[in-house]
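Accompanying notes for the structure given below.
The values are calculated or read from the model by the stated rules, or taken from the named source; none is laboratory data. Here the structure is a predicted model, which is why all the values come from computation and not from measurement. Neighbour counts run over all protein chains shown; Cβ positions are idealised from the backbone, glycine included. Calculation scope for accessible area: heavy atoms of the full protein, side chains included, ligands and nucleic acids excluded. Shrake-Rupley method; radii C 1.70, N 1.55, O 1.52, S 1.80 Å.
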Amino acid sequence: MKNSNNNSNTKLILLHPYIQKQGGSSRFWLLAFVSFFTFAFLLTLIYTRETLPVKSTTAMAIGSASSPTFGNINAPLPTPVINTLLHYASRSNDSFHMSHAEIKPISDVLRKCSSPCNFLVFGLTHETLLWKALNHNGRTVFIEENRYYAAYYEELHPEIDVFDVQYTTKMEEMRDLIASTKKQIKNECRPVQNLLFSECKLGINDLPNHVYEVDWDVILVDGPRGDGPEGPGRMAPIFTAGVLARNKKASNAKTHIFVHDYYRNVERIYGDEFLCRENLVESNDMLAHFVVEKMDENSFQFCRNQPSTSSS
């Protein structure tokens with residue numbers, strides 16, 4: 001019996017440390033479990049605090065835009081804002097800026113243009129940001145001959161859409177290009193065509209595809225360089241503007257085309273040849289305003305009354 005009791009006591013003594021160890025292990029895992037969830041809670045709290053201000057700012061901006069105080073975000077620019085933009089743009093110290101008399105007709109057309117207005121501009125100039133601002137509810141695309149300047153400008157102003165184009169024309173070829181275009185007027189140089197697939201020497205065919213799919217409401221030709229016999233001149237942009245206007249698909253069949261520096265031979269001769277004097281609304285030495293209507297795809301004549309290139 002004594003031995004038996006001793007054995008029982010021994011068993012109790014051996015079991016006691018095991019129970020202690022088992023209890024310590026449970027507390028350890030419980031502590032680890034609590035610590036894990038505490039850590040996860042803290043991370044969630046920190047993340048939430050960092051992200052909440054951004055969300056509330058966004059919500060505030062959306063709410064402000066639709067609130068009566070700020071008005072409709074798609075509403076046209078107020079007249080005082082437009083007049084202020086024109087005032088400061090026309091009084092720049094830049095010697096190549098447009099005058100108020102040159103900017104105003106373009107601004108008036110953009111103001112009356114149905115929203116969203118599609119505005120295509122040849123040339124990055126002093127007025128680039130102004131054109132973008134005046135057509136703030138519409139699509140404004142710029143075409144620039146200098147790819148490095150186009151990339152620099154787009155990096156400086158990410159909101160500006162610029163595409164570069166490599167002109168193959170030269171000012172000294174002005175009359176030869178008109179002659180060759182007339183020979184191909186029923187084929188590659190016809191007035192109604194998709195320029196993306198054109199081989200006409202005056203047609204610009206290397207722009208992104210969607211540029212040719214847009215029905216442009218307003219086109220401004222203020223580039224490329226037009227000085228010196230080796231310069232590309234504005235022959236191709238004027239011809240291209242005329243084709244884009246006549247190729248429109250929308251019900252709004254008219255396109256306003258402005259040609260800057262109209263006092264120069266190329267701008268005046270090519271304007272008369274491909275935009276047509278019967279479509280000339282107003283002009284002075286610096287700016288010509290044409291309104292060109294779309295044509296039937298079987299039309300093979302740019303103007304009803306063909307101008308005489310030699311007399312021009």
Discussion item. Looking only at region 202-215, count every residue that is surrounded by fewer than 21 Cβ atoms within 10 Å (Cβ to Cβ) and of a type in the set (A, V, I, L, M, F, W, C) and tell me the total.
Written reply: 3
Worksheet item: Identify, please: which residue in region 259-273 is without any contact (Cβ under 8 Å) to a residue 40 or more places away in the chain and of a type in the set (Phe, Trp, Tyr) and is, among those, least open to solvent (accessible area, probe 1.4 Å)?
Response: Tyr262
Item to complete: Search region 145-179 for residues being touching an Asp or Glu at 6+ places or on another chain (Cβ under 9 Å) and of a type in the set (Lys, Arg), and hand back the single one that is most open to solvent (accessible area, probe 1.4 Å).
Response: Arg147
Worksheet item: Restricting the search to region 107-126, which residues are under 16 Å from Val81 (Cβ atoms) and in contact with a strand residue (DSSP E or B) (Cβ under 8 Å, 6 or more places away or on another chain)?
Response: Leu110
Response to the item:
Filtering region 280-306 down to residues that are more than 19 Å from Met171 (Cβ to Cβ) and buried (at least 22 other Cβ atoms within 10 Å of the Cβ) yields Leu287, Phe290, Val292, Phe302
Worksheet item: Counting only residues that are closer than 18 Å to Ala253 by Cβ, open to solvent by 10 Å² or more (accessible area, probe 1.4 Å) and at pLDDT 95 or above, how many does region 98-124 have?
Response: 2
Worksheet item: For region 216-234, what are the residues that are in a loop (DSSP other than H, G, I, E, B) and either without any contact (Cβ under 8 Å) to a residue 60 or more places away in the chain or crowded, with 18+ Cβ neighbours inside 10 Å (or both)?
Response: Trp216, Asp217, Asp222, Gly223, Pro224, Gly226, Asp227, Gly228, Pro229, Pro232, Gly233, Arg234
Discussion item. Let me spell it out: the conditions are (1) buried (at least 17 other Cβ atoms within 10 Å of the Cβ); (2) closer than 18 Å to Phe258 by Cα; (3) under 13 Å from the mean Cα position of the chain (by Cα); (4) touching a residue at least 24 places away in the same chain (Cβ under 8 Å), and Phe142 meets all of them except one. Which number is the exception?
Written reply: (4)
Worksheet, complete the sentence: If we ask which residues in region 180-192 are open to solvent by 10 Å² or more (accessible area, probe 1.4 Å) and in contact (Cβ under 8 Å) with a residue 24 or more places away in the chain, their number turns out to be 4
Worksheet item: If you scan region 230-246, which residues turn out to be more than 16 Å from Lys201 (Cα to Cα) and over 21 Å from the mean Cα position of the chain (by Cα)?
Response: Glu230, Arg246
Worksheet item: Tally time: how many residues in region 244-258 are open to solvent by less than 10 Å² (accessible area, probe 1.4 Å) and touching a helix residue (DSSP H, G or I) at 6+ places or on another chain (Cβ under 6 Å)?
Response: 3
